[in-house]
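Data block below; observations after.
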Amino acid sequence: MGMGWKTDIDENVRSGLVELLILQLLAEEDMYGYRIKQELKLRTSDTFIMKEGSLYGPLYRMYNRGLISAHKEQVGEKRIRNYYHIEPAGEEYLAYGKKEMERVFRGVKELMNWQKKQK
């Protein structure tokens, strides 16, 4: 069996988590895409390194669901940055997601340690 399964696990585990992590960052302050990418990498000790463009899928999904909004700001003469902002629905989603994530991780940890307890 090849190592293709590694990618499947990585993508399944990360896709839901990345939305919560982005919302957590936006709960602190509005951020533009590249900054979100940098903060994810830095604050997760390189666990979440987003490839160029892969950040925009989760951002668009959350935007379409009304969890975040976006506004443009001019930077210098010619550059315009798209800043993302967490909306009340996003704050609610984040609060629920954090509780659910803790519950899931607790359950996973219990299962992973199950054999040790049974012996």
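Would it be correct to say that Tyr34 is among the hydroxyl-bearing types (Ser, Thr, Tyr) and at pLDDT 95 or above? Full working, then the answer.
Values: among the hydroxyl-bearing types (Ser, Thr, Tyr): yes; at pLDDT 95 or above: no.
So Tyr34 does not fit the description; no.
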Can you name the number of the only condition in (1) in contact with an Asp or Glu (Cβ under 9 Å, 6 or more places away or on another chain); (2) of a type outside the set (Ser, Thr, Tyr); (3) exposed (fewer than 13 other Cβ atoms within 10 Å of the Cβ) that Glu77 fails? (1)
All but one of (1) outside any helix (DSSP H, G or I); (2) surrounded by 12 or more Cβ atoms within 10 Å (Cβ to Cβ); (3) of a type in the set (S, T, N, Q) hold for Gln38; which doesn't? (1)
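Being surrounded by 13 or more Cβ atoms within 10 Å (Cβ to Cβ) and not basic (Lys, Arg) is the filter; apply it to region 93-111 and report the residue that is farthest from Tyr34 (Cα to Cα).
Pass one, region 93-111, residues surrounded by 13 or more Cβ atoms within 10 Å (Cβ to Cβ): 93-94, 97-98, 101.
With the extra rule that they be not basic (Lys, Arg), the set shrinks to 93-94, 97, 101.
On the way: Tyr93: 23, Leu94: 21, Gly97: 24, Met101: 26 Å.
Filtering region 93-111 for residues that are surrounded by 13 or more Cβ atoms within 10 Å (Cβ to Cβ) and not basic (Lys, Arg), the one farthest from Tyr34 (Cα to Cα) comes out as Met101.
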Filtered residue count, region 41-67, keeping only those that are surrounded by 10 or more Cβ atoms within 10 Å (Cβ to Cβ), in a helix (DSSP H, G or I) and not hydroxyl-bearing (Ser, Thr, Tyr): 8
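Anything in region 74-92 that is farther than 18 Å from Lys37 by Cα and either in a helix (DSSP H, G or I) or of a type outside the set (S, T, N, Q) (or both)? List them, or say none.
Residues of region 74-92 that are farther than 18 Å from Lys37 by Cα, as a first pass: 74-79, 87-92.
Val75, Gly76, Glu77, Lys78, Arg79, Glu87, Pro88, Ala89, Gly90, Glu91, Glu92 - these are the residues of region 74-92 that are farther than 18 Å from Lys37 by Cα and either in a helix (DSSP H, G or I) or of a type outside the set (S, T, N, Q) (or both).
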Please state which one of Lys99, Lys72, Lys41 is more than 18 Å from Ser15 (Cα to Cα), among the charged types (D, E, K, R) and without any contact (Cβ under 8 Å) to a residue 12 or more places away in the chain. Lys72
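The values are calculated or read from the model by the stated rules, or taken from the named source; none is laboratory data. Worth saying up front: this structure is predicted, and the values here are computed from it rather than measured. For neighbour counting, all protein chains shown are included, and Cβ atoms are generated from backbone atoms with ideal geometry for every residue, glycine included.
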